[in-house]
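Peer 1: Below are the structure tokens for one structure; questions will follow.
The values are calculated or read from the model by the stated rules, or taken from the named source; none is laboratory data. What you are looking at is a predicted structure, and each value in this text was computed from that prediction instead of being measured. Counting neighbours? That spans all protein chains shown, and the Cβs are built from the backbone with ideal geometry, glycine included. Note: accessible area is taken over every heavy atom of the protein model, side chains too, but ligands, DNA and RNA are not part of it. Shrake-Rupley method; radii C 1.70, N 1.55, O 1.52, S 1.80 Å.
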Amino acid sequence: MNWFTEALKWKFICSHFEPIGLRKAIESVFSGLSWAVFTPNRIGEYGGRVFFLKSRKRVFGVIGMLIGAISQMVITNVVGMIAVCWFIGKYLDVNSMFFIVICLAGLVYISFFLLLYFNIKLINTWLSKIRFLKKYKRFLDLLLRYKKEDIQRVFIYSITRYAIFTSQYCILMQVIIPDMPVLEMIPMIFILFFVQSALPSLDLLDVGVRSVTASYFFGFITPHIVAVMAITACVWFVNLIIPAIIGSVFVFKINFFGTRDN
């Protein structure tokens, strides 16, 4: 469900420069995952996907992926910052004035991300001002093809994905650690995603970072730290490693040089 939703989002994004079928969208997403696990911060995912497009459309594909990545980043940071403020107020011993300052800073942080995403012209303007990107302005102008309704639709896909991989943690934790309080567990999951997105990592080795982060934050609400680490490793394996193995089959279908032959 997680990557099928991502494939739907990718298919919709591509419809603005090279319409593709659902099957091709799924294959390109899984192929991208195979590349992503071996590259820092999943940079290889861009190559794994765009090589399924026509050679003259691949730069447009990178720009399109940027929109999808930003939408996922926005929801992760917005929800994550709210959860962080909750965590500080509930579990850390800070005075009320300092907590208010933190919440105000969090509000500014959230507003920045929402303003950035829902005003896509700002992204285009900022990127166009970067010297080495000026020669790619005609590609960056692709951002302007996406209307407000399109941006909202991409955002809904990202929210759906966020809900899906949140539910994965919720289900496993309720099965394995049934005494964990749900109302405290969910914000901790949000914080886990937030911290993961901020730390540079390699997907293949990411399970260590995820486990250490989860053990620290969930340690405030449960003594079953080993179980939490096992759950984190399980979600990592199901969401990244298995799809990457499946995607390795589709890598052989990549048309690297843009010719008619595969």
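Peer 1: Let me have the 222 nm mean residue ellipticity of the chain computed from DSSP H runs of 4+ only, each contributing -39500 (n - 2.57), with the sum over all residues rounded to the nearest 500.
Peer 2: Estimated from H runs of four or more residues: -23500 deg cm²/dmol.
Peer 1: Longer than 18 Å from Cα to Cα, which of Lys57/Lys137; Lys24/Lys57; Lys57/Lys135; Lys121/Lys147; Lys54/Lys137; Lys54/Lys148 are they? Say none if no pair is.
Peer 2: Over 18 Å apart, Cα to Cα: Lys54/Lys137; Lys54/Lys148.
Peer 1: On a full-extension model of 0.36 nm per residue, what is the gain between Leu202 and Phe4, subtracting their alpha-carbon distance, rounded to one decimal in nm? Write down the numbers at each step before the final one.
Peer 2: On the way: separation 198, 0.36 × 198 = 71.28 nm, distance 2.27 nm.
Separation in residues times 0.36 nm, less the Cα-Cα distance, equals 69.0 nm.
Peer 1: Helix 182-198: angle to the longest alpha-carbon principal axis of the chain, degrees 0 to 90, nearest 10?
Peer 2: With both axes taken from Cα atoms, the answer is about 50 degrees.
Peer 1: With the full set of protein chains in place, find how many percent of the accessible area of the range 93-226 is carbon and sulfur; take the probe as 1.4 Å.
Peer 2: 70 percent
Peer 1: Where the eigenvalues come from the Cα gyration tensor of the range 123-230, what are the semi-axes √(5λ) of the equivalent ellipsoid, largest first, in whole Å?
Peer 2: That gives 38, 18, 10 Å for the three semi-axes.
Peer 1: Keeping all protein chains in position, work out how much accessible area Thr222 exposes to a 1.4 Å probe, and write it in Å² to the nearest 10.
Peer 2: 10 Å²
Peer 1: Once ligands and nucleic acids are excluded and a 1.4 Å probe is used, how much of Glu149 is accessible, expressed in Å² to the nearest 10?
Peer 2: Looks like 120 Å² after rounding.
Peer 1: The chain: longest stretch without exposed trypsin sites (Lys or Arg not before Pro) (DSSP loop, at most 16 other Cβ within 10 Å), sites themselves excluded?
Peer 2: 148-252
Peer 1: Between the helical axis of 225-236 and the dominant principal axis of the chain, each derived from Cα atoms, what acute angle in degrees is found, rounded to the nearest 10?
Peer 2: Rounded to the nearest ten degrees, it is 10.
Peer 1: With every protein chain present, what is the per residue accessible area of the chain (1.4 Å probe, Å²)? Show your work: numbers first, answer last.
Peer 2: Values: 13580 Å² over 262 residues.
Each residue of the chain exposes 52 Å² on average to a 1.4 Å probe.
Peer 1: Starting from the Cα of Ile171, move 7 Å in the Cα-to-Cβ direction to define the label point; list residues of the range 1-44 whose amide nitrogen is under 19 Å from there.
Peer 2: Answer for this model: 1-8.
Peer 1: Multiplying the sequence separation of Phe38 and Lys57 by 0.36 nm and subtracting their Cα-Cα distance, what value in nm do you get?
Peer 2: Result: 4.4 nm gained on full extension.
Peer 1: Extending each Cα 7 Å along its Cβ direction at Leu116 and Val94, get the distance between those two points in nm, one decimal.
Peer 2: Between Leu116 and Val94, the simple spin-label model gives 2.1 nm.
Peer 1: Could you sort Trp10, Trp35 by accessible area so the largest value comes first, with the probe set to 1.4 Å?
Peer 2: Solvent-accessible surface, decreasing: Trp35, Trp10.
Peer 1: Taking amide H atoms as placed 1.01 Å from N in the peptide plane, list the residues 5 or more away in sequence, or in a different chain, whose amide H sits under 5 Å from that of Leu53.
Peer 2: The answer is none.
Peer 1: Could I ask something else about it? Specify the angular offset, from 0 to 90 degrees and rounded to the nearest 10, of the alpha carbon long axis of helix 206-218 from the longest principal axis of the alpha carbons in the chain.
Peer 2: The two axes meet at around 30 degrees.
Peer 1: Leaving out ligands, DNA and RNA but keeping every protein chain, what accessible area does Cys234 have, in Å² rounded to the nearest 10, with a 1.4 Å probe?
Peer 2: Accessible area, nearest 10 Å²: 60 Å².
Peer 1: What FRET efficiency comes out for Ile245 versus Leu107 if R0 is 41 angstrom and r is the Cβ-Cβ distance? Round to the nearest 0.05.
Peer 2: Working: r = 42 Å, r/R0 = 1.03.
Once rounded, the FRET efficiency stands at 0.45.
Peer 1: Moving on. Quick check: convex hull of the Cα atoms in the chain, volume per residue, rounded to a whole Å³?
Peer 2: For the chain, the hull spanned by Cα atoms encloses 134 Å³ per residue.
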